[in-house]
1. Tell me, what is the Rg over Rh of region 225-353, with Rh the Kirkwood radius over Cα pairs?
2. Which FRET efficiency, nearest 0.05, do Arg316 and Lys205 yield, Cβ-Cβ r, R0 25 Å?
3. Work out which chymotrypsin sites (Phe, Trp or Tyr not before Pro) in the chain are exposed loop sites (DSSP not H, G, I, E or B, at most 14 other Cβ within 10 Å) and give the longest gap free of them.
4. For a test of the definition: using alpha carbon positions, the gyration tensor, and the 1.5 limit on a/c, classify region 204-275 as rounded, prolate or oblate.
5. With charges set only on the Cβ (+1 for Lys and Arg, -1 for Asp and Glu), what does the dipole of the chain come to about its Cα centre, in debye to the nearest 20?
6. Tell me, how many Å apart are the Cα centres for region 150-226 and for region 252-318?
7. On the full set of protein chains, 1.4 Å probe, figure out the accessible area of Glu23 and give it in Å² to the nearest 10.
8. What are the aspartates and glutamates whose alpha-carbon lies under 19 Å from the alpha-carbon of Lys47, with same-chain residues fewer than 8 places away excluded?
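The values are calculated or read from the model by the stated rules, or taken from the named source; none is laboratory data. Remember, predicted model here, so these are calculated numbers, not experimental data. As a convention, Cβ positions derive from the backbone with ideal geometry for all residues, glycine included, and neighbour counts pool all protein chains shown. Just so you know, the surface numbers come from the protein's heavy atoms only, side chains and all, with ligands and any DNA or RNA stripped out. Shrake-Rupley method; radii C 1.70, N 1.55, O 1.52, S 1.80 Å.
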Amino acid sequence: MKELEEQRVCVKFCCKLGKNFTETFQLLNQAYGEDCMSRTQCYEWFKRFKEGRMSVGEDPRPGRPSTSTNDDHVERVRAVIRGNRRLTVREVADEVGISIGSCHQILTEKLHMRRISAKFVPRLLTDDQKENRVEISQELLANANGNENFLKNIITGDETWVYGYDVETKMQSSQWMGKGSPRPKKARMSRSKIKVMLVVFFDWKGIVHHEFVPRGQMVNKQLYQEVLARLRDAVRRKRPELWENQTWMLHHDNAPAHASLLIRSYLAKHQTSVVPHPPYSPDLAPADFFLFPKLKTTLKGRRFQTIEEIQENAIRELRAITESAFQEAFQQWKKRWERCIASRGDYFEGDSA
């Protein structure tokens, strides 16, 4: 509407300068291109200004003003929506007794509302759980700000399934098409049953230790203790400075195998410090928000026929991740603590968990 009024001003200006209609329309078309008003519209307004019209605004429309969007109907729509925010515009309109158009106008223009799909989160957090997330984030952030080597001393890890075939994302399956070309199609697919569980630990510099769980075996506390023993050996070989100074710290989530008494006793026996992690917080675990998505995105849409082929390609992709990418992930981890604190422990927007 504002752009049309702007063009009418230009038409009026040309009329005042003594331009004829053809010159006026040519100048208008040159200035606005595809957004220029039609020739008929331009002629109509040129004629009005030639006859002495001063206003560039639309004439008032005949008929009585609408009463469907008055204050009473606005309050009734507000009350209905507060009672049930999942109602459709049609259902709200029927409830209040107004047209669908008027109801939509009230919702969008008067109440400034829009319909938003629910966001999936790992869990609906209680107040205590949110407070716990904030407290741990504050503690870790204080340590990171007070010690420049804090993040560099952490070795974090987790386990995940790697599939023989994982479905592509919508972005991966998109294609460049010419104008008028039919939309590309693909059959609905599902993950393959062939899969293997990967256990991986990494730090600021890169991968420290990885291994695949034998087929048919799950990660229980006994197996995890064996994994930690191999991790300690990997730290001694690959991170000798951390091993000799005993400055490395372990970070993992609160899975039953990780939080068992057996594992806690094992870590205490070997004087391994553990970085705290709040429950139900994959958004605060580097393996979940960085490593696993980065690994799996590159493998999606590719087919592997055997376990050995899955393992070979997974290891290749792990090794392809640069040191700078790991360092950026640890810096992002610090920023996520800040965002968790700012959101008062709730899951924050903008990043997938």
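1. For region 225-353, the value is 0.99.
2. E between Arg316 and Lys205, to the nearest 0.05, is 0.85.
3. With chymotrypsin sites (Phe, Trp or Tyr not before Pro) excluded where exposed in loops, the chain gives 177-353 as its longest stretch.
4. Note, shape of region 204-275 comes out oblate.
5. So the dipole magnitude of the chain works out to roughly 1060 debye.
6. About 10 Å separates the Cα centre of region 150-226 from the one of region 252-318.
7. 80
8. Reachable aspartates and glutamates: Glu5, Glu6, Glu23, Glu58, Asp59.
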